[in-house]
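See structure below.
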(Lines give C-alpha, C1' and ligand atoms only; values in the text may rest on other atoms or scores of the structure.)
Protein backbone atom coordinates (compact mmCIF):
# COMPACT_ATOMS: atom_id res chain seq x y z
CA UNK A 1 0.00 0.00 0.00
CA UNK A 2 1.48 3.33 -1.08
CA UNK A 3 0.79 6.08 1.42
CA UNK A 4 1.97 9.70 1.54
CA UNK A 5 0.92 11.97 4.41
CA UNK A 6 1.34 15.68 4.92
CA UNK A 7 0.87 17.36 8.28
CA UNK A 8 0.63 21.11 8.50
CA UNK A 9 2.20 22.46 11.67
CA UNK A 10 0.21 24.18 14.36
CA UNK A 11 1.42 26.11 17.34
CA UNK A 12 2.52 23.92 20.24
CA UNK A 13 -0.37 25.02 22.43
CA UNK A 14 -3.02 24.49 19.74
CA UNK A 15 -1.52 21.16 18.68
CA UNK A 16 -1.56 19.91 22.24
CA UNK A 17 -5.12 21.12 22.75
CA UNK A 18 -6.34 19.40 19.60
CA UNK A 19 -4.58 16.18 20.52
CA UNK A 20 -6.15 16.22 23.98
CA UNK A 21 -9.60 16.89 22.59
CA UNK A 22 -9.21 14.01 20.15
CA UNK A 23 -8.76 11.52 22.96
CA UNK A 24 -11.53 12.62 25.30
CA UNK A 25 -14.32 10.04 25.63
CA UNK A 26 -17.09 10.55 23.10
CA UNK A 27 -19.97 9.32 25.21
CA UNK A 28 -23.01 8.19 23.31
CA UNK A 29 -21.28 7.95 19.91
CA UNK A 30 -22.52 4.41 19.41
CA UNK A 31 -26.09 5.66 19.70
CA UNK A 32 -25.75 8.63 17.37
CA UNK A 33 -27.32 8.01 13.94
CA UNK A 34 -25.27 8.43 10.80
CA UNK A 35 -27.10 10.70 8.38
CA UNK A 36 -26.64 11.00 4.64
CA UNK A 37 -27.63 13.36 1.85
CA UNK A 38 -26.76 13.76 -1.82
CA UNK A 39 -26.23 17.43 -2.59
CA UNK A 40 -26.99 18.81 -6.05
CA UNK A 41 -27.51 15.23 -7.24
CA UNK A 42 -23.78 14.52 -7.09
CA UNK A 43 -21.99 15.12 -3.78
CA UNK A 44 -22.44 12.39 -1.15
CA UNK A 45 -22.25 13.67 2.44
CA UNK A 46 -22.34 11.59 5.64
CA UNK A 47 -22.29 12.97 9.16
CA UNK A 48 -22.79 12.39 12.88
CA UNK A 49 -23.81 15.34 15.04
CA UNK A 50 -22.32 15.35 18.52
CA UNK A 51 -22.29 18.37 20.77
CA UNK A 52 -20.01 17.10 23.54
CA UNK A 53 -17.02 19.10 22.23
CA UNK A 54 -16.91 22.37 20.25
CA UNK A 55 -14.97 20.72 17.41
CA UNK A 56 -15.49 19.13 14.02
CA UNK A 57 -13.49 16.47 12.18
CA UNK A 58 -13.96 16.23 8.39
CA UNK A 59 -12.72 13.80 5.76
CA UNK A 60 -13.08 14.11 2.00
CA UNK A 61 -12.34 10.94 0.03
CA UNK A 62 -11.74 11.09 -3.72
CA UNK A 63 -11.81 8.06 -6.01
CA UNK A 64 -8.19 8.83 -6.85
CA UNK A 65 -6.15 6.13 -5.14
CA UNK A 66 -2.87 4.68 -6.32
CA UNK A 67 -4.70 1.91 -8.19
CA UNK A 68 -5.11 4.51 -10.94
CA UNK A 69 -1.39 5.37 -11.12
CA UNK A 70 0.04 4.72 -14.60
CA UNK A 71 2.57 1.88 -14.48
CA UNK A 72 5.49 4.18 -15.25
CA UNK A 73 4.30 6.80 -12.75
CA UNK A 74 3.58 4.75 -9.63
CA UNK A 75 3.38 7.15 -6.73
CA UNK A 76 1.45 9.79 -8.70
CA UNK A 77 -1.59 9.71 -6.42
CA UNK A 78 0.62 9.98 -3.36
CA UNK A 79 2.65 12.79 -4.91
CA UNK A 80 -0.56 14.71 -5.64
CA UNK A 81 -1.61 14.39 -2.01
CA UNK A 82 1.87 15.38 -0.94
CA UNK A 83 1.73 18.62 -2.93
CA UNK A 84 -1.71 19.83 -1.81
CA UNK A 85 -0.17 21.58 1.18
CA UNK A 86 2.82 23.03 -0.65
CA UNK A 87 1.14 26.18 -1.88
CA UNK A 88 -2.11 27.49 -3.42
CA UNK A 89 -2.72 29.78 -6.37
CA UNK A 90 -4.12 33.28 -6.16
CA UNK A 91 -7.65 33.77 -7.47
CA UNK A 92 -10.50 36.22 -7.83
CA UNK A 93 -14.09 35.53 -6.81
CA UNK A 94 -16.72 35.16 -9.56
CA UNK A 95 -18.52 38.31 -10.70
CA UNK A 96 -21.71 37.00 -9.09
CA UNK A 97 -22.28 35.71 -5.56
CA UNK A 98 -21.58 36.77 -1.98
CA UNK A 99 -17.80 36.88 -2.52
CA UNK A 100 -18.04 39.20 -5.56
CA UNK A 101 -14.96 41.40 -5.83
CA UNK A 102 -12.90 39.39 -3.35
CA UNK A 103 -9.32 38.49 -4.19
CA UNK A 104 -7.37 35.63 -2.59
CA UNK A 105 -3.62 36.06 -2.66
CA UNK A 106 -1.35 33.10 -3.48
CA UNK A 107 0.13 31.33 -0.45
CA UNK A 108 3.34 29.34 -0.36
CA UNK A 109 3.84 26.39 1.99
CA UNK A 110 5.16 28.58 4.80
CA UNK A 111 2.21 30.93 4.59
CA UNK A 112 -0.18 27.97 4.53
CA UNK A 113 1.43 26.47 7.61
CA UNK A 114 1.22 29.78 9.43
CA UNK A 115 -2.43 30.21 8.43
CA UNK A 116 -3.33 26.81 9.90
CA UNK A 117 -1.31 27.57 13.03
CA UNK A 118 -3.11 30.88 13.50
CA UNK A 119 -6.44 29.03 13.33
CA UNK A 120 -5.32 26.23 15.63
CA UNK A 121 -6.60 23.79 13.00
CA UNK A 122 -5.09 20.85 11.11
CA UNK A 123 -5.13 19.77 7.45
CA UNK A 124 -3.79 16.35 6.35
CA UNK A 125 -3.67 14.66 2.96
CA UNK A 126 -2.83 11.04 2.18
CA UNK A 127 -3.19 8.40 -0.51
CA UNK A 128 -3.87 4.66 -0.35
CA UNK A 129 -4.69 1.97 -2.91
CA UNK A 130 -8.34 2.97 -3.24
CA UNK A 131 -8.69 6.64 -2.35
CA UNK A 132 -7.00 9.97 -1.87
CA UNK A 133 -8.14 11.50 1.40
CA UNK A 134 -7.95 14.94 2.98
CA UNK A 135 -8.80 15.50 6.62
CA UNK A 136 -9.22 18.65 8.66
CA UNK A 137 -9.96 19.35 12.30
CA UNK A 138 -11.12 22.70 13.65
CA UNK A 139 -12.90 24.36 16.49
CA UNK A 140 -16.47 25.24 15.50
CA UNK A 141 -16.32 28.88 16.55
CA UNK A 142 -17.67 30.61 13.45
CA UNK A 143 -14.76 32.94 12.71
CA UNK A 144 -12.34 29.99 13.00
CA UNK A 145 -14.33 27.27 11.24
CA UNK A 146 -15.31 29.39 8.24
CA UNK A 147 -11.69 30.40 7.65
CA UNK A 148 -10.48 26.80 8.08
CA UNK A 149 -13.04 25.47 5.59
CA UNK A 150 -12.13 28.22 3.09
CA UNK A 151 -8.43 27.42 3.47
CA UNK A 152 -9.06 23.69 3.01
CA UNK A 153 -11.15 24.49 -0.07
CA UNK A 154 -8.20 26.30 -1.61
CA UNK A 155 -5.82 23.41 -0.95
CA UNK A 156 -8.30 20.94 -2.44
CA UNK A 157 -9.31 23.05 -5.43
CA UNK A 158 -6.41 25.33 -6.36
CA UNK A 159 -3.07 23.75 -5.38
CA UNK A 160 -0.10 25.56 -6.90
CA UNK A 161 1.92 22.46 -7.93
CA UNK A 162 5.00 24.68 -8.05
CA UNK A 163 7.75 23.04 -10.12
CA UNK A 164 10.58 24.20 -7.85
CA UNK A 165 8.86 22.86 -4.76
CA UNK A 166 8.06 19.56 -6.50
CA UNK A 167 11.70 19.05 -7.49
CA UNK A 168 12.65 19.41 -3.82
CA UNK A 169 9.86 17.07 -2.65
CA UNK A 170 10.69 14.57 -5.38
CA UNK A 171 14.33 14.44 -4.28
CA UNK A 172 13.21 13.83 -0.69
CA UNK A 173 10.85 11.06 -1.82
CA UNK A 174 13.61 9.41 -3.82
CA UNK A 175 15.89 9.48 -0.77
CA UNK A 176 13.11 7.98 1.34
CA UNK A 177 12.57 5.13 -1.15
CA UNK A 178 16.30 4.44 -1.32
CA UNK A 179 16.46 4.37 2.47
CA UNK A 180 13.50 1.96 2.67
CA UNK A 181 15.34 -0.50 0.43
CA UNK A 182 17.99 -0.85 3.13
CA UNK A 183 15.41 -2.06 5.66
CA UNK A 184 14.02 -5.60 5.66
CA UNK A 185 10.39 -4.80 6.56
CA UNK A 186 9.65 -2.51 3.56
CA UNK A 187 11.50 -4.90 1.22
CA UNK A 188 9.42 -7.83 2.48
CA UNK A 189 6.17 -5.87 2.09
CA UNK A 190 7.12 -4.88 -1.47
CA UNK A 191 7.96 -8.45 -2.49
CA UNK A 192 4.81 -9.76 -0.84
CA UNK A 193 2.41 -7.46 -2.66
CA UNK A 194 4.15 -7.93 -6.00
CA UNK A 195 3.89 -11.71 -5.73
CA UNK A 196 0.35 -11.82 -4.33
CA UNK A 197 -1.15 -9.39 -6.85
CA UNK A 198 1.14 -9.79 -9.86
CA UNK A 199 0.41 -7.17 -12.51
CA UNK A 200 -2.74 -5.89 -10.78
CA UNK A 201 -2.40 -2.25 -9.61
CA UNK A 202 -2.59 -3.41 -5.98
CA UNK A 203 0.79 -5.04 -6.59
CA UNK A 204 2.49 -1.90 -7.93
CA UNK A 205 5.33 -0.43 -5.90
CA UNK A 206 6.60 3.12 -5.90
CA UNK A 207 10.13 3.11 -7.29
CA UNK A 208 12.94 5.60 -7.64
CA UNK A 209 12.46 5.59 -11.42
CA UNK A 210 8.69 6.12 -11.25
CA UNK A 211 8.97 9.06 -8.85
CA UNK A 212 11.74 10.66 -10.90
CA UNK A 213 9.46 10.44 -13.96
CA UNK A 214 6.65 12.45 -12.32
CA UNK A 215 6.50 16.08 -13.46
CA UNK A 216 4.22 18.88 -12.34
CA UNK A 217 2.06 18.53 -15.46
CA UNK A 218 1.37 14.92 -14.38
CA UNK A 219 0.19 16.19 -10.99
CA UNK A 220 -2.02 18.78 -12.65
CA UNK A 221 -3.57 16.24 -15.03
CA UNK A 222 -4.23 13.79 -12.20
CA UNK A 223 -5.86 16.52 -10.13
CA UNK A 224 -8.01 17.70 -13.03
CA UNK A 225 -9.19 14.21 -13.88
CA UNK A 226 -9.92 12.73 -10.45
CA UNK A 227 -10.82 15.68 -8.22
CA UNK A 228 -14.53 16.17 -8.80
CA UNK A 229 -17.58 16.29 -6.50
CA UNK A 230 -19.02 13.42 -8.55
CA UNK A 231 -16.30 11.10 -7.24
CA UNK A 232 -16.08 12.38 -3.68
CA UNK A 233 -17.46 11.35 -0.30
CA UNK A 234 -17.55 13.90 2.52
CA UNK A 235 -17.76 12.66 6.12
CA UNK A 236 -18.13 14.84 9.24
CA UNK A 237 -18.29 14.27 12.99
CA UNK A 238 -18.77 17.06 15.48
CA UNK A 239 -20.64 19.95 16.96
CA UNK A 240 -22.62 21.07 13.90
CA UNK A 241 -26.16 21.69 12.75
CA UNK A 242 -27.65 20.24 9.56
CA UNK A 243 -27.34 23.56 7.75
CA UNK A 244 -23.65 23.70 8.70
CA UNK A 245 -23.04 20.27 7.18
CA UNK A 246 -24.38 21.18 3.75
CA UNK A 247 -22.70 24.59 3.70
CA UNK A 248 -19.30 23.14 4.67
CA UNK A 249 -19.50 20.31 2.14
CA UNK A 250 -20.35 22.67 -0.69
CA UNK A 251 -17.62 25.14 0.28
CA UNK A 252 -14.92 22.49 0.56
CA UNK A 253 -15.42 21.41 -3.06
CA UNK A 254 -16.57 24.76 -4.47
CA UNK A 255 -13.31 25.38 -6.33
CA UNK A 256 -13.40 22.14 -8.30
CA UNK A 257 -14.74 22.19 -11.88
CA UNK A 258 -18.48 21.56 -12.14
CA UNK A 259 -19.54 18.87 -14.60
CA UNK A 260 -22.78 19.26 -16.53
CA UNK A 261 -23.70 15.89 -15.04
CA UNK A 262 -21.79 13.11 -13.37
CA UNK A 263 -22.77 10.77 -16.19
CA UNK A 264 -21.00 13.08 -18.65
CA UNK A 265 -17.59 12.58 -17.01
CA UNK A 266 -15.06 10.40 -18.78
CA UNK A 267 -15.19 6.95 -17.19
CA UNK A 268 -12.47 5.87 -14.80
CA UNK A 269 -9.95 3.31 -16.07
CA UNK A 270 -11.25 -0.25 -15.97
CA UNK A 271 -9.13 -2.38 -13.66
CA UNK A 272 -8.66 -6.14 -13.98
CA UNK A 273 -10.02 -8.41 -11.29
CA UNK A 274 -7.60 -9.70 -8.67
CA UNK A 275 -6.68 -13.23 -9.67
CA UNK A 276 -6.57 -16.19 -7.29
CA UNK A 277 -3.19 -17.87 -7.00
CA UNK A 278 -2.91 -21.19 -8.81
CA UNK A 279 0.00 -22.54 -6.78
CA UNK A 280 2.16 -21.74 -3.81
CA UNK A 281 5.36 -19.76 -4.12
CA UNK A 282 8.29 -18.98 -1.84
CA UNK A 283 10.53 -15.95 -2.35
CA UNK A 284 13.68 -15.96 -0.20
CA UNK A 285 16.08 -13.03 -0.19
CA UNK A 286 19.38 -12.87 1.64
CA UNK A 287 19.56 -9.63 3.62
CA UNK A 288 21.92 -8.05 6.12
CA UNK A 289 19.45 -8.03 9.01
CA UNK A 290 19.56 -9.50 12.48
CA UNK A 291 16.30 -11.40 11.94
CA UNK A 292 14.33 -12.89 9.10
CA UNK A 293 11.15 -11.00 8.20
CA UNK A 294 8.46 -13.43 7.08
CA UNK A 295 5.16 -12.75 5.31
CA UNK A 296 2.72 -15.41 4.10
CA UNK A 297 -0.60 -14.87 2.37
CA UNK A 298 -2.78 -14.65 -0.71
CA UNK A 299 -5.74 -12.63 -2.03
CA UNK A 300 -8.53 -12.48 0.55
CA UNK A 301 -11.83 -10.61 0.10
CA UNK A 302 -13.25 -7.27 -0.99
CA UNK A 303 -14.99 -5.12 1.61
CA UNK A 304 -18.47 -5.85 0.28
CA UNK A 305 -18.03 -9.63 0.73
CA UNK A 306 -20.85 -11.25 2.72
CA UNK A 307 -18.25 -13.35 4.58
CA UNK A 308 -16.69 -10.28 6.20
CA UNK A 309 -17.94 -10.92 9.75
CA UNK A 310 -17.22 -14.68 9.89
CA UNK A 311 -13.71 -13.97 8.59
CA UNK A 312 -13.22 -11.11 11.05
CA UNK A 313 -14.23 -13.20 14.05
CA UNK A 314 -12.34 -16.23 12.77
CA UNK A 315 -9.18 -14.25 12.16
CA UNK A 316 -9.32 -12.92 15.73
CA UNK A 317 -9.01 -16.54 16.84
CA UNK A 318 -6.37 -17.44 14.26
CA UNK A 319 -3.94 -14.54 14.58
CA UNK A 320 -5.69 -11.21 15.11
CA UNK A 321 -6.31 -11.50 18.83
CA UNK A 322 -2.76 -10.96 20.02
CA UNK A 323 -1.78 -13.19 22.95
CA UNK A 324 -5.05 -15.14 22.81
CA UNK A 325 -4.65 -16.21 19.17
CA UNK A 326 -3.69 -19.69 18.02
CA UNK A 327 -0.65 -18.47 16.11
CA UNK A 328 0.75 -16.69 19.15
CA UNK A 329 0.10 -19.72 21.33
CA UNK A 330 1.87 -22.14 18.99
CA UNK A 331 4.67 -19.98 17.57
CA UNK A 332 5.57 -17.78 20.53
CA UNK A 333 4.29 -19.33 23.75
CA UNK A 334 4.92 -23.02 23.10
CA UNK A 335 8.05 -22.79 20.93
CA UNK A 336 9.57 -19.34 21.44
CA UNK A 337 10.14 -18.89 17.72
CA UNK A 338 8.99 -15.28 17.48
CA UNK A 339 8.22 -12.39 19.79
CA UNK A 340 5.06 -11.64 17.85
CA UNK A 341 3.05 -13.27 15.07
CA UNK A 342 -0.17 -11.95 13.56
CA UNK A 343 -2.70 -12.40 10.78
CA UNK A 344 -5.24 -10.09 9.18
CA UNK A 345 -7.56 -9.56 6.23
CA UNK A 346 -7.27 -6.19 4.50
CA UNK A 347 -10.42 -5.91 2.36
CA UNK A 348 -10.44 -3.15 -0.25
CA UNK A 349 -12.74 -2.08 -3.10
CA UNK A 350 -11.38 -5.10 -4.88
CA UNK A 351 -9.95 -8.20 -3.26
CA UNK A 352 -7.35 -7.20 -0.68
CA UNK A 353 -4.68 -9.41 0.89
CA UNK A 354 -4.80 -11.96 3.68
CA UNK A 355 -1.47 -11.78 5.52
CA UNK A 356 0.39 -13.66 8.23
CA UNK A 357 3.55 -11.98 9.49
CA UNK A 358 6.36 -12.62 11.97
CA UNK A 359 10.03 -12.01 12.64
CA UNK A 360 12.37 -14.73 13.83
CA UNK A 361 16.02 -15.75 13.96
CA UNK A 362 17.33 -16.55 10.52
CA UNK A 363 18.13 -20.14 11.44
CA UNK A 364 14.56 -20.60 12.75
CA UNK A 365 12.68 -19.18 9.78
CA UNK A 366 11.78 -22.52 8.20
CA UNK A 367 10.80 -24.05 11.56
CA UNK A 368 8.55 -21.07 12.32
CA UNK A 369 6.96 -21.29 8.87
CA UNK A 370 6.29 -24.99 9.34
CA UNK A 371 4.41 -24.27 12.57
CA UNK A 372 2.46 -21.43 10.94
CA UNK A 373 1.52 -23.73 8.07
CA UNK A 374 0.29 -26.42 10.45
CA UNK A 375 -1.83 -23.95 12.44
CA UNK A 376 -3.30 -22.41 9.30
CA UNK A 377 -4.06 -25.76 7.70
CA UNK A 378 -5.77 -27.04 10.84
CA UNK A 379 -7.85 -23.88 11.22
CA UNK A 380 -9.00 -23.89 7.60
CA UNK A 381 -9.76 -27.62 7.76
CA UNK A 382 -11.56 -27.73 11.10
CA UNK A 383 -12.38 -24.18 12.21
CA UNK A 384 -12.41 -22.94 15.81
CA UNK A 385 -13.72 -24.60 18.95
CA UNK A 386 -16.90 -23.41 20.70
CA UNK A 387 -14.81 -22.02 23.56
CA UNK A 388 -12.58 -20.07 21.16
CA UNK A 389 -15.60 -18.63 19.37
CA UNK A 390 -17.27 -17.46 22.57
CA UNK A 391 -14.04 -15.88 23.86
CA UNK A 392 -13.54 -14.07 20.54
CA UNK A 393 -17.08 -12.69 20.59
CA UNK A 394 -16.72 -11.54 24.18
CA UNK A 395 -13.46 -9.74 23.43
CA UNK A 396 -14.61 -8.14 20.20
CA UNK A 397 -17.95 -6.99 21.56
CA UNK A 398 -16.43 -5.88 24.86
CA UNK A 399 -13.86 -3.79 23.01
CA UNK A 400 -16.29 -2.25 20.53
CA UNK A 401 -16.60 1.01 22.48
CA UNK A 402 -12.87 1.58 21.99
CA UNK A 403 -13.45 1.69 18.22
CA UNK A 404 -15.55 4.86 18.50
CA UNK A 405 -14.38 6.55 21.71
CA UNK A 406 -13.13 9.77 20.10
CA UNK A 407 -13.92 11.93 17.10
CA UNK A 408 -11.07 10.61 14.99
CA UNK A 409 -12.03 6.96 15.43
CA UNK A 410 -15.68 7.70 14.79
CA UNK A 411 -14.77 9.64 11.65
CA UNK A 412 -12.71 6.67 10.46
CA UNK A 413 -15.81 4.51 10.77
CA UNK A 414 -18.16 7.04 9.15
CA UNK A 415 -15.74 7.54 6.24
CA UNK A 416 -15.46 3.78 5.70
CA UNK A 417 -19.24 3.42 5.77
CA UNK A 418 -19.46 6.19 3.17
CA UNK A 419 -16.66 4.84 0.99
CA UNK A 420 -17.73 1.22 0.90
CA UNK A 421 -21.47 1.88 0.79
CA UNK A 422 -22.18 0.11 4.09
CA UNK A 423 -25.60 0.46 5.78
CA UNK A 424 -26.08 3.66 7.79
CA UNK A 425 -26.90 1.56 10.87
CA UNK A 426 -23.65 -0.40 10.52
CA UNK A 427 -22.30 0.76 13.89
CA UNK A 428 -25.59 0.13 15.66
CA UNK A 429 -25.78 -3.43 14.31
CA UNK A 430 -22.07 -4.31 14.53
CA UNK A 431 -22.30 -6.21 17.82
CA UNK A 432 -25.34 -8.16 16.60
CA UNK A 433 -23.44 -9.11 13.44
CA UNK A 434 -20.52 -10.39 15.52
CA UNK A 435 -22.86 -12.21 17.89
CA UNK A 436 -24.54 -13.91 14.93
CA UNK A 437 -21.31 -15.55 13.68
CA UNK A 438 -21.37 -19.33 14.07
CA UNK A 439 -18.78 -22.09 14.04
CA UNK A 440 -20.18 -23.25 10.71
CA UNK A 441 -20.04 -19.80 9.09
CA UNK A 442 -16.39 -19.35 10.11
CA UNK A 443 -15.46 -22.80 8.84
CA UNK A 444 -17.24 -22.30 5.53
CA UNK A 445 -15.80 -18.80 5.03
CA UNK A 446 -12.20 -19.82 5.66
CA UNK A 447 -12.47 -22.92 3.47
CA UNK A 448 -13.96 -20.90 0.61
CA UNK A 449 -11.49 -17.98 0.81
CA UNK A 450 -8.12 -19.47 1.82
CA UNK A 451 -6.12 -22.33 0.36
CA UNK A 452 -3.03 -23.15 2.45
CA UNK A 453 -1.47 -24.88 -0.56
CA UNK A 454 -1.37 -21.72 -2.69
CA UNK A 455 0.17 -19.24 -0.28
CA UNK A 456 2.89 -16.77 -1.25
CA UNK A 457 5.69 -16.89 1.32
CA UNK A 458 8.32 -14.16 1.49
CA UNK A 459 11.42 -14.51 3.68
CA UNK A 460 13.76 -11.50 3.79
CA UNK A 461 16.92 -12.37 5.67
CA UNK A 462 17.00 -16.00 4.50
CA UNK A 463 20.68 -17.02 4.36
CA UNK A 464 20.28 -19.91 1.89
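Of note:
- Number of residues in region 131-162 that are outside any strand (DSSP E or B), touching a residue at least 60 places away in the same chain (Cβ under 8 Å) and farther than 21 Å from residue 257 by Cα equals 3.
- Residue that is in contact with a strand residue (DSSP E or B) (Cβ under 9 Å, 6 or more places away or on another chain), in the same structural domain as residue 240 (by TED's automatic domain parsing), under 25 Å from residue 412 (Cα atoms) and modelled with pLDDT under 95, where the choices are 41, 50, 57: 50
- Taken residue by residue, region 287-294 has no member that is touching a residue at least 12 places away in the same chain (Cβ under 8 Å), assigned to a helix (DSSP H, G or I) and in contact with a strand residue (DSSP E or B) (Cβ under 9 Å, 6 or more places away or on another chain).
The rows are residues; the columns are (1) surrounded by 24 or more Cβ atoms within 10 Å (Cβ to Cβ); (2) touching a helix residue (DSSP H, G or I) at 6+ places or on another chain (Cβ under 7 Å).
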site	(1), (2)
41	no, no
54	no, no
63	no, yes
68	no, yes
72	no, yes
78	yes, yes
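- Of the helices (runs of 4 or more DSSP H) that lie entirely inside region 174-284, those containing 2 or more residues that are closer than 30 Å to residue 41 by Cα and either in contact with a helix residue (DSSP H, G or I) (Cβ under 6 Å, 6 or more places away or on another chain) or in the same structural domain as residue 449 (by TED's automatic domain parsing) (or both) span 216-226, 242-252.
- Any chance residue 128 is in the same structural domain as residue 52 (by TED's automatic domain parsing) and in contact with a strand residue (DSSP E or B) (Cβ under 8 Å, 6 or more places away or on another chain): no
- Criterion violated by residue 444 - all others in (1) within 30 Å of residue 399 (Cβ to Cβ); (2) touching a residue at least 60 places away in the same chain (Cβ under 8 Å); (3) surrounded by 18 or more Cβ atoms within 10 Å (Cβ to Cβ) satisfied: (3)
- The number of residues in region 256-282 that are farther than 30 Å from residue 84 by Cα and either surrounded by 12 or more Cβ atoms within 10 Å (Cβ to Cβ) or within 26 Å of the chain's Cα centre (by Cα) (or both) comes to 8.
- Candidates 402, 396, 427 - the one that is part of a helix (DSSP H, G or I), touching a helix residue (DSSP H, G or I) at 6+ places or on another chain (Cβ under 9 Å), closer than 30 Å to residue 55 by Cβ and without any contact (Cβ under 8 Å) to a residue 12 or more places away in the chain: 402
The values are calculated or read from the model by the stated rules, or taken from the named source; none is laboratory data. None of these values were measured; they are calculated from a predicted model. Glycine also receives a Cβ, built like all others from the backbone with ideal geometry; neighbour counts cover every protein chain displayed.
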